[in-house]
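Presented below is the structure to which this report refers.
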C-alpha cells in the first residue's frame, strides 16, 4: 500500500488522471509478457515529460519506494513485473519523435515511441534503423533500449546497442544526465550510453534517445531451404558465412516449429522437414542477386532437398513475417509458452539444438526451437500449462540444464531477452562471481538505495552451481 | 621510491630480468607519445601471463601502489604517463595470437599483439579487422582497446568498441574476470566488455581479447578531390552521405596539412588548394565502381576543381598511407606537436574548422587541421615548441576554446584519443557533473583503492566552466 502522503505528492506532479491506484489499473500492470510472474504494484503513474520523471523519482527516492519503468511490457524475462508494493512508471505518454536529422543520419525520440513507427518514419526518407525485435509492432524503443533488443537482422547489422548514439536519462535520485550525442566517435569518459543499453531499467530511466540510421538497402530477396536433418542445415550456415556472404537474416526453425507456424500462417512451409533455413539478403540489386545465386548453390551442395525462392520482395516479407509470428503461432497450442533465449557461438548451433532435444526428451517436455542461426541465438520454447505444477517444475529443471549446456558450449543464458527476474538465478553461471560483484557495484554507483527495478538481474537466491558441471 | 620489500615481492613473481628499477628503464617509460607530460615511475615490470598480472596486482593492491598498464605508449592523451612513484606494467611480452576461429569469424589475442599484425594475419584468410588507428603499425591491441581507438574507417565500420566481443581482464585486487565470448548477442548482465573498451586502464588490466572479424572487402578504390574553399568540401561530404553512399574512408586535410604532407611524402597533393578530401570505397567491384562514379559526379557538382582517381588499389593505398603519416610529416616542422581530437556532428565540420582557424588566429598559433570528415572527428594540430612557455600557454588556452566550441556545436572533447591526463580538466564540460560522479562510482566498483592509472580521466583540478559559455 502506498501512503496518503506519497499519493498526494505523486498526484501533485501528474494530476489524478495520470496517477492510478485502482485495482483494475494495478492488476493490468502486475505482469508482462513472461508467464509465471505476477506482482501487484501499489500504483501506476504516467509521466509526460523528463521533468515529471525527475519529480517522480525524487519522491520515490525520498521514500525509498521501488519503481519500475516500462513501455508495452512485451519483454520476456519478467523485467517489467513490478516490485512488491512498488510503483509502475509507464512511459507510453512520452511518445514523440523529436527530430529526424537527415544530414547526420540520426533520429531523436522519446522512449514511448513504438519501434515500428521509427522504422516506418525513417524508411520513408530512404533511411534504415536495422534492429527488428519480433515485438517491434508493439514494443517501445525505450523498452528495446532497456533490454538491448536484438532481432532477425542482428548478424549483419548488430542489435539495439549498435544504434544508440546518445541518451538522456534520469537517475534514481531524480538527477538528469545526457550521454553521447550525434557522434560516431566519442571517448569522453566511460561509455555510459552502451552501459545503459541493456541495463533493464536498473540503472536509470531513459527519457530520450538519439539513434543512428544508415542508408536503406536498395533491395532484398528471401528464400527458404528445406532439410531432412539438422546437421546439413547447420553446415549450410557455416558454409555461407565462410564464403564471406553475410545475409541480413539467417533464421532456423525445427520441425515442430515449422508445423505450428504453417498451421497458423499457411505460407507453404514443409511440415515433414527436420529443419528449414529462412535466408534473406539485402543491398544493391546486383549484389543481392549474386549472393542469392551463390546461397542457392551452397544450400544444394550441403544437402537442402528443396529451395523456395521468393519471387518478389513482398513474398519474402510474408515469409519473414511468418517467422516473426512464430511465437504467436506456438501460443495457440498450449495455454502457457515459456520462450528461452540461449546463445552459442554459431559453430555450436547443431550441438545446441541436439542438447535441447535431448533435455526435452529427458524431462518429457514439448520444446520447439527456432531462432537466429547466423548469430547462434536460439529460442527453445516450452509449450506447457501454468496450472500443471509438475510440468512447470520439470520445465524449470530443463531450462537450467539448457543454460548449463549453452555455457559449456561457450554461450550465454540470454542473447536478446535480458536477465530480469527469470534468469537472475543463473546469471552467475555466465559471469562468474567476481564480475557479478562488479556489476552490483555499478548498480550502486547509479542507484545507491536500490529503488530502480529491484530484484532484476541480481537475486539473493542464485541457483545452485550447475553451469560449471 | 619502491621499498625493498615490494621489490622482493615483485622480483619473486617475474624474476630480476623482467622487473627493472634502473634509471634508463624508468626514464624511457616516464612518457608516452603526448608532449609536455612526464613522470618518473618507481619501476617497470613485464608480465608474461595472466597469472603474473594477477600476482603483480595483488602486490600493488596490498601496498596501495599505483600502477599503469601500457603497450607501446603511442597514445596521445598522456594516458600511459606513469603515476608518481608508481609501477609501469608493460604488456608487450604477452604478444601471442591465441586463436583464429575461421568458423565463428573471431580472433583471440593477448594484449601485446601489434594491431597491424592482426590485420595481416586475418587478411591472409580473407577476413577483416576494420579498426585502423594511424598508429596501428606500432600500437598494441591492448592499448587500442583501452583507448577505444578509431581510425580512418570509423564512418563505415565503427571503432575498436564495435569489434571487441569478449575480454579477459584482471581487477585491481588481482581477481580475474571474463566478459562476453564468441557471441554476437549477449545480454547477460551489464555490458562490461563495452565498458572496459575505452576505460583507459583505469578499471582493469586487459589480458586477453576476442575480436569480431568480418569478410574482407573484395576491392577498394580511392580518389582525391581538390577544393578552393572549405564549404564546398564540407558540402561534398554531406551530399555523398545523403545519397546513401558510405565510403570506407572520407578524410579531410586543410591547406597547411596538405603542404606539409606533400613536402614529406611527394604523392602529388595540390599545395595551393584550401582543402582536399581523400575518399575511398571498398566492397564488391561492381558496387565500388558504381559508388566511385557517383562520388566523382558529386565532387564536381559541389565545386571540386580537380579529381585524382587512383588507377590501382596500390595507388590508393599509397595516398591513404600519406594521410596516415600526416602526424609524422607535421612533426618535422616544429619541435613539438600537440594533436587534438575534437569531434562534432558531421554537419558541423565546416563550422568547426572555421572556429579552429579563428581561434588559431586569435592566439597567433600555427594549427593544421586534418581528420575524418565522415564522422566529424577532426585533429587540429598545434605546431609549437615545448621550450616556449608563452606559446605553450597560448596553445592551452586555444585548445580550451576549441573544446568549448566543439561542445557548443554538439560535439565532444575527444573522439578517439581518450581523456587521459591531457583532457581530464575538460571532461565535465562534455559529461556534466552528475554523469562524471556516476563514472567515479563505476571506477570505485572496479578499483576501490584507486590504484589503476590514477589521475587519468578524473582530476581534482577541473578547468573553469568555459564549455557552457
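Which one is surrounded by the fewest Cβ atoms within 10 Å (Cβ to Cβ), of the residues in segment A:331-389 that are within 14 Å of chain B (Cβ to nearest Cβ) and at positive phi? If you could, list the steps in order and put the result at the bottom.
Taking segment A:331-389 and keeping what is within 14 Å of chain B (Cβ to nearest Cβ), we get A:340-352, A:371-379.
If we keep only those that are at positive phi as well, we get A:371, A:376.
Numbers: A:371: 29, A:376: 32.
Ranking the qualifying residues of segment A:331-389, first place goes to A:371.
Mind counting the residues in segment B:254-288 that are under 26 Å from the mean Cα position of the chain (by Cα) and closer than 23 Å to residue B:360 by Cα?
Total satisfying the criteria: 13.
Only one of B:411, B:376 is touching a strand residue (DSSP E or B) at 6+ places or on another chain (Cβ under 7 Å), within 24 Å of residue B:200 (Cα to Cα) and in contact (Cβ under 8 Å) with a residue 60 or more places away in the chain; which?
On the way: B:376 fails: in contact (Cβ under 8 Å) with a residue 60 or more places away in the chain.
Going through B:411, B:376 in turn, just one is touching a strand residue (DSSP E or B) at 6+ places or on another chain (Cβ under 7 Å), within 24 Å of residue B:200 (Cα to Cα) and in contact (Cβ under 8 Å) with a residue 60 or more places away in the chain: B:411.
Can you give me the ranges of the helices (runs of 4 or more DSSP H) entirely in segment B:365-469 with at least 2 residues that are farther than 30 Å from residue A:439 by Cα and over 23 Å from the mean Cα position of the chain (by Cα)?
Values: elements: B:389-408, B:427-431, B:433-446.
Correct list: B:389-408.
Checking the condition part of a loop (DSSP other than H, G, I, E, B), surrounded by fewer than 24 Cβ atoms within 10 Å (Cβ to Cβ) and touching a strand residue (DSSP E or B) at 6+ places or on another chain (Cβ under 8 Å), which residue from A:64, A:72 passes?
Details: A:64 fails: touching a strand residue (DSSP E or B) at 6+ places or on another chain (Cβ under 8 Å).
Result: A:72 is the single residue among A:64, A:72 that is part of a loop (DSSP other than H, G, I, E, B), surrounded by fewer than 24 Cβ atoms within 10 Å (Cβ to Cβ) and touching a strand residue (DSSP E or B) at 6+ places or on another chain (Cβ under 8 Å).
Which one of B:143, B:151 is under 19 Å from the mean Cα position of the chain (by Cα), more than 7 Å from chain A (Cβ to nearest Cβ) and at positive phi?
Values: B:143 fails: at positive phi.
The conditions single out B:151.
Those residues that are touching a helix residue (DSSP H, G or I) at 6+ places or on another chain (Cβ under 6 Å), closer than 23 Å to residue A:156 by Cβ, within 7 Å of chain A (Cβ to nearest Cβ) and in contact (Cβ under 8 Å) with a residue 24 or more places away in the chain, I need them from segment B:175-196; list them, please.
Matches in segment B:175-196: B:184, B:194.
Do the conditions hold for residue A:92, that is, is it without any contact (Cβ under 8 Å) to a residue 60 or more places away in the chain, touching a helix residue (DSSP H, G or I) at 6+ places or on another chain (Cβ under 6 Å) and closer than 30 Å to residue A:58 by Cα?
The answer is no for residue A:92.
Which count do you get for residues in segment B:436-458 that are more than 12 Å from every other protein chain (Cβ to nearest Cβ) and surrounded by fewer than 24 Cβ atoms within 10 Å (Cβ to Cβ)?
Total meeting the criteria: 5.
Is it fair to say residue B:99 is modelled with pLDDT of 95 or more, closer than 24 Å to residue A:349 by Cα and outside any strand (DSSP E or B)? Steps first, answer last, please.
Working: modelled with pLDDT of 95 or more: yes; closer than 24 Å to residue A:349 by Cα: yes; outside any strand (DSSP E or B): no.
No, not satisfied.
Could you say which residue among A:100, A:152 is surrounded by fewer than 22 Cβ atoms within 10 Å (Cβ to Cβ), over 21 Å from residue A:48 (Cβ atoms) and in contact with a strand residue (DSSP E or B) (Cβ under 9 Å, 6 or more places away or on another chain)?
A:100
Among the listed residues B:108, B:121, which satisfies the condition of being within 30 Å of residue A:246 (Cβ to Cβ) and assigned to a strand (DSSP E or B)?
Numbers: B:121 fails: assigned to a strand (DSSP E or B).
B:108 is the lone residue from the list that is within 30 Å of residue A:246 (Cβ to Cβ) and assigned to a strand (DSSP E or B).
Please count how many residues of segment B:418-435 are within 21 Å of residue B:75 (Cβ to Cβ) and facing chain A (nearest Cβ under 8 Å).
6
The values are calculated or read from the model by the stated rules, or taken from the named source; none is laboratory data. The shown structure was predicted, so the numbers you read here are calculated from the model rather than taken from an experiment. Positions of Cβ are backbone-derived with ideal geometry, glycine not excepted, and every protein chain shown enters the neighbour counts.
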